[in-house]
1. Going through 145, 243, 231, 138 one at a time, which residue ends up being of a type outside the set (Phe, Trp, Tyr), at pLDDT 95 or above and open to solvent by less than 70 Å² (accessible area, probe 1.4 Å)?
2. In the range 131-188, how many are under 21 Å from residue 119 (Cβ atoms), touching a residue at least 40 places away in the same chain (Cβ under 8 Å) and more than 19 Å from the chain's Cα centre (by Cα)?
3. Write out, first by first residue and then by second, each pair whose Cβ atoms fall under 8 Å of each other, whose residues are 6+ apart or on separate chains, and whose first residue, in the range 34-55, is under 16 Å from residue 5 (Cα atoms) and without any contact (Cβ under 8 Å) to a residue 24 or more places away in the chain while the second is crowded, with 16+ Cβ neighbours inside 10 Å and of a type in the set (Lys, Arg).
4. Of the residues that make up the range 97-110, is at least one among the acidic types (Asp, Glu) and more than 19 Å from residue 179 (Cβ to Cβ)?
5. Looking at the range 156-171, which of its residues are assigned to a loop (DSSP other than H, G, I, E, B) and loosely packed, with under 14 Cβ neighbours inside 10 Å?
Amino acid sequence: MSDGVILVATGAGYVDLAVQCLASIRDSNPGVPVDLFTDLPDAPGVAGFDRVHPVPSTHPRVKLDCLAKARFDRVLFLDCDTLVIAPFGDLFDLADRFALSLAHDVRRRMDLIQDGVHPTPYAFPQLNSGVMLYRNDAGMAAFFAEWKRRYDVSGRDRDQPVLKDLLWDSDLRFYVLPPEFNLRRLTMLDAWEPLDAVPTIIHSHRLLQHLRGQGARVRTLDELRALERIALEEEWRADGGGAPWQR
């Protein structure tokens, strides 16, 4: 039984982020193999991956074509805007019981995160496809192929509304990861007590904000935490108040 991590990166900016993620994995999980699917096999830092595989295209959602091509039996897929800061521990063992494991998306009050062809209960929102642990077998290959087929015919930019519908329709045995394995808000750590959890995988769009013209390159947790605390205050001010849970 082989375990490993894969990332998919096209274009120099995303490959650079993938290399940064790789460094965090090497620091926190030495010995775990990490492969890259990319269109730039000779880019700086790419040689540090255990293996480099070509992507079939440079479509923004080309990851859907790569997931089943992983060489591992139990696979952890990570978006490029992630950092791994703790050992994975027995995370991969989930794949023995569940075909797919992934976390709920955040911002569940937004229509964007409830979007999908099928109306589903609020309590069944989109799941974030930026961190996925899966069993790499024929069943999951068929699931990924159907996800890609539905995505192609949907005409949507985002793959997560299609994934939500597919999971709702499917009999696939899947598990919802606790937030420490796909931590989208570092400010959550301000409320966690020492025995609550071990933050393991940080997933923040602020790591790629420089690629979107939204700010300077962010490389450290301290930078992320500072930016998120500012954004949190701005979000609550913009919300306008009135909610019983508002501070």
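1. Numbers: 243 fails: at pLDDT 95 or above; 231 fails: at pLDDT 95 or above; 138 fails: open to solvent by less than 70 Å² (accessible area, probe 1.4 Å).
Every option except 145 fails the conditions.
2. 3
3. Note: pairs meeting the criteria are 53/69.
4. No.
5. Hits for the range 156-171 are 157, 171.
The values are calculated or read from the model by the stated rules, or taken from the named source; none is laboratory data. Being a predicted model, the structure only gives us computed values, none of them experimental. Because the Cβ atoms are built from the backbone with ideal geometry, glycine has one as well, and the counts that use them run over all protein chains shown. Calculation scope for accessible area: heavy atoms of the full protein, side chains included, ligands and nucleic acids excluded. Shrake-Rupley method; radii C 1.70, N 1.55, O 1.52, S 1.80 Å.
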